Each structure stands twice: as C-alpha cells, then as structure tokens.
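K.L.:
Here you go, one structure.
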Amino acid sequence: MLRAGSLVTASVTGAVLAISLTGCSGTAPRSSAPEGSASPSASASASGSASGTADAEPTSGATTEPGADRNVGETATVEWSPKSGVDGEISITLKKLESTSYKQTFSGWKLDEAAQSRAPYFVRVTVKNEGETDLGGYDVPLWGLDGEGNLVEAAAFKEPFKPCSAKTLPQKFGAGASVDACLVMLVPDQGKLVGVSFRPFEEFDPITWEGEPTPYAAPKPSKSASGSPTP
C-alpha cells in the first residue's frame, strides 16, 4: 500500500516559490506546500527498481506497476494510503494537458513578479474510487513534470477558480465515486509542462503520463430550451 510521506530532497532544481495571485475578492491562491519548502526533482533517485517499469495497460482489477509510463488519455490504478489507517485504491486517467495565459484565464487577478515568471497550465484528470474506503477531502499526489525533468507542485486556491476546479477530492468520495478534477500548474522560468507524475512519497518509483499540451479554450455557454444562453 502506498503510504503518505514527505517529498523533500537535498538537491532541488524545481523549488516551490510563494506566489501572490490576488483576485478581485482579495483571496489569493497559494501553494499547498509551506513557504520555503521544495518539491523534488523528477530525476531524484527512487527505491523502485528499473525492472518495475511497465508500459502496457493494466488488466481489469490489476494495479499499475510503479515506474509505469502512460500517455494522455490512459489510466493507471494504484493502491494509495493518504494517511496512516486510510488505505484505498483509485484509478487516475489523465484527460488533457492545457496551455493557457494569465491574460486569458486570470483576468482580474494581480500577479507579482514571481507569478509572472511562470507559465500557467491546466491538468485535467478523472479519478475513480476503486476500493471501499472513503477518500473524501484528500489531495491526490499528482505533480507536474516540466521539460527539464523537474516536478511542479499544483497550486491551491482558497476559493473556486472557474477555469480550473480545485484539486481536492470531494468531502464524500466513497466506493465507486468518480470525479473530473483540474489542477493548476505554474511552471518556473516560463517552462513547458510535458507530463504528470503520481508520486505519493519520495522513495516511490513514480507513474508518469506524458503528452503534448493543447491550447485552453473556454467552454461555450450552454443554451436553455428557449435558445437563450445559460450562465
């Protein structure tokens, strides 16, 4: 069972910075890591052996081997323990990587220099509870992967961010529950997001999805039966 743990390494190239993004309401999104903490490089050593790498899709009912590689649109099934005594199993499908811009999707937000030095991306995933344990309220440990091999921590928001919903699972997420979620990744040095890594603790040999980002397009307003747009 995958255990929760600290993701810290002594040599880090993809450090998490404190970013000030202030919206019209005065509530700012934040990194989910404490200020001054760091995310590990994706190239950091892991205890999993190379023989654990698997490229084939898992068979029904099977969990995905640590170190497996996936493409956008594919699914991995993992046993996951977000904290001691909470043992679950989820499937994760990476639906899409989206490139965006602050002008397009952060209208009304005040960005400091640290934020402006980063390139914004959205990661859209579907998570399904394949076990019996209620996993409501936990954050699935998914990290962005940039073109330099560094991990990027998903930004956390104190209030709803309409273009990309919060990364936290619903407060009730029992057996068979499924949710479409979105993570905001702010890649340092205007870098490129090339994939996503499931890595619940530092020693775990990560499961990685890679693919080419597509430009973000705002959803078109739906129409009511009378033909008028629905907000």
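The values are calculated or read from the model by the stated rules, or taken from the named source; none is laboratory data. This structure is a prediction, so every number in the text was calculated from the model and none was measured. Here the Cβ is made from the backbone with ideal geometry for all residues, glycine too, and neighbour counts use every protein chain on show. Note: areas computed on protein heavy atoms with side chains; ligands, DNA, RNA excluded. Shrake-Rupley method; radii C 1.70, N 1.55, O 1.52, S 1.80 Å.
K.L.:
As an exercise, identify the GluC sites (Glu not before Pro) in the stretch 64-133 lying in DSSP coil whose Cβ has no more than 14 other Cβ atoms within 10 Å.
P.N.:
On the way: sites: GLU74, GLU79, GLU89, GLU98, GLU113, GLU130, GLU132; in loops: GLU74, GLU130, GLU132.
Within the stretch 64-133, the qualifying GluC sites (Glu not before Pro) (loop, at most 14 other Cβ atoms within 10 Å) are GLU132.
K.L.:
Still on this structure, please answer the following. In debye, nearest 20: dipole of the stretch 69-206 around its Cα centre with unit charges on the Cβ of K, R (+) and D, E (-)? Numbers along the way, then the final one.
P.N.:
Working: 15 positive and 21 negative charges, 157 e Å.
About 760 debye.
K.L.:
Separate question: Past the 22 Å Cα-Cα mark, which pairs from LYS96/LYS162; LYS192/LYS220; LYS96/LYS128? Mind dumping the intermediate values first?
P.N.:
Working: LYS96/LYS162 17 Å; LYS192/LYS220 27 Å; LYS96/LYS128 16 Å.
Violating the 22 Å Cα-Cα cut-off are LYS192/LYS220.
K.L.:
How much accessible area per residue does the stretch 111-185 have, counting only protein heavy atoms and a probe of 1.4 Å, in square angstrom? Mind dumping the intermediate values first?
P.N.:
Working: 3300 Å² over 75 residues.
Here the per-residue accessible area is 44 Å².
K.L.:
With +1 assigned to the C-beta of every Lys and Arg and -1 to the C-beta of every Asp and Glu, and no other charges, what is the dipole magnitude of the stretch 73-142 about the Cα centre in debye, to the nearest 20? Mind showing how you got there, number by number?
P.N.:
Working: 8 positive and 11 negative charges, 113 e Å.
The calculated dipole for the stretch 73-142 is roughly 540 debye.
K.L.:
Same structure, new question: Straight-line reach only, C-alpha to C-alpha below 16 angstrom: list the aspartates and glutamates that LYS95 could link to, leaving out same-chain residues fewer than 8 apart.
P.N.:
GLU57, ASP69, GLU74, ASP180, GLU210, GLU212
K.L.:
Tell me, what % of the accessible area of the stretch 69-206 is carbon and sulfur with a 1.4 angstrom probe? The partial results should precede the final answer.
P.N.:
Details: 2640 of 5940 Å².
C and S atoms contribute 45 percent here.
K.L.:
A follow-up question, please. Which value in Å does the Kirkwood hydrodynamic radius of the stretch 69-206 take, with 1/r averaged over all unlike C-alpha pairs and then inverted? Let's see the in-between values first.
P.N.:
Working: mean 1/r = 0.0637 Å⁻¹.
This gives a value of 15.7 Å.
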